[in-house]
Amino acid sequence: MMLNNLKDKVAIVTGASAGIGAATVKSLLNIGMKVVGFARRKERIENLVTNHNEKLFARSVDLTNPQEIIDGFDWVTKNIGPVHVLINNAGIYVAASVLNGELQDWKNIMDTNFMSLAITCKEAVKIMKENNIDGHIININSVAGYYDLGDPNAVMYRSSKCALVAMTENIRVELARMNSKIKITVGLL
Ligand SMILES: NC(=O)c1ccc[n+]([C@@H]2O[C@H](COP(=O)([O-])OP(=O)(O)OC[C@H]3O[C@@H](n4cnc5c(N)ncnc54)[C@H](OP(=O)(O)O)[C@@H]3O)[C@@H](O)[C@H]2O)c1
């Protein structure tokens, strides 16, 4: 998809209420896209930009809740339009080693950083195919997904990002085998 073809096309950015996601929202608005931010703190997304020509939308989605994700995509399709670009940016780090950490922290990291992306990728590809959109999915990863940083407290964060490497590559292969022109790539930070 060429950059000059993106005007008024719909982008979804997860984790849009802060950090890299918030900056990504502003960049996509600057190139003329309609941008929907997903995060729990919806009001922070709404207040990111004051003059956005009615192109910024926010949806309260807790990515650890699969139904909220599915409802979010459905809302975007019905109210804004089918998604062309999905930026899977949301991610959390919690210090939680295997030997001294807590199950709930492990689950929160894996659900937010990995499992939610399986759901968003599935929903996005389904909607793109239904609407004949050769879209693009970008999964934000970390060097921790590729290299061991030597910190046992980062084991679940690193595991979630290593798993994301594998999942992104496998989705790419599945799309290629379907002769789909939908792209999936990693954004490495
Ligand atoms: N910052 C870095 O140096 C760095 C380095 C390598 C990789 N990364 C990766 O880059 C991405 C963004 O990092 P960041 O530093 O910009 O993060 P951040 O500033 O901490 O922001 C995290 C974002 O994720 C959202 N989020 C967290 N849990 C969520 C949930 N359950 N449901 C919905 N949204 C949720 C937060 O929104 P709410 O709290 O409003 O829900 C927030 O918008 C992550 O995937 C991270 O692993 C960052």
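Ignoring ligands, DNA and RNA, what percent of the accessible area of the range 3-182 is carbon or sulfur (1.4 Å)?
The value for the range 3-182 is 50 percent carbon and sulfur by accessible area.
Which FRET efficiency, nearest 0.05, do ARG40 and LYS122 yield, Cβ-Cβ r, R0 22 Å?
0.55
As I understand it, the dipole of the chain uses +1 on the Cβ of Lys and Arg and -1 on the Cβ of Asp and Glu, about the Cα centre. Which of ASN65, SER180, VAL98 lies farthest toward its positive end?
Final value for the positive-end residue is SER180.
Going by amide H atoms built from the backbone, whose H comes under 5 Å of the H on MET33, apart from near neighbours?
Counting only residues 5 or more places away or on other chains, the set is ASP8.
Tell me which of VAL143, ASN47, ASN30 sits at the most positive position along the dipole axis of the range 25-155, charges placed on C-beta atoms (Lys, Arg +1; Asp, Glu -1).
In the range 25-155, that residue is ASN30.
Measure off 7 Å from each Cα along the Cα-to-Cβ vector at GLU54 and GLU169, then give the distance between these two points in nanometres to one decimal.
Reported label-point gap for GLU54 and GLU169 is 4.6 nm.
Kindly provide the helix-only [θ] at 222 nm of the chain, computed as the sum of -39,500 (n - 2.57) over DSSP H runs of four or more divided by all residues, to the nearest 500 deg cm²/dmol?
Value at 222 nm, helices only: -13000 deg cm²/dmol.
Applying the Karplus parametrisation 6.51 cos²θ - 1.76 cosθ + 1.60 with θ = phi - 60° to the phi angles of the range 74-90, what ³J(HN,Hα) value in whole Hz is obtained for each residue in order, glycine and proline being reported as x?
4, 4, 4, 4, 6, 9, 10, x, x, 6, 9, 10, 10, 10, 7, 9, 4
Could you rank the peptides 74-80, 132-138, 30-36 by their average count of other C-beta atoms within 10 Å per residue, with the highest value first?
30-36, 132-138, 74-80
Please work out the average accessible area per residue across the range 3-182, using the 1.4 Å probe convention, and give it in Å².
It amounts to 52 Å² per residue over the range 3-182.
In terms of the Cα gyration tensor, with a ≥ b ≥ c the square roots of its eigenvalues, is the range 77-155 rounded because a/c is under 1.5, prolate because a/b exceeds b/c, or oblate?
Note, shape of the range 77-155 comes out prolate.
State log₁₀ I(q)/I(0) for the chain at q = 0.14, 0.19 Å⁻¹ as given by the Debye formula over alpha-carbon point scatterers of equal weight, solvent excluded.
-0.76, -1.32
The values are calculated or read from the model by the stated rules, or taken from the named source; none is laboratory data. What you see is a predicted model, and the numbers here were worked out from it, not measured in a lab. Every residue, glycine as well, gets a Cβ built from its backbone with ideal geometry; the counts of neighbours run over all protein chains shown. Ligands, DNA and RNA are excluded from the accessible area calculation, which covers all protein heavy atoms including side chains. Shrake-Rupley method; radii C 1.70, N 1.55, O 1.52, S 1.80 Å.
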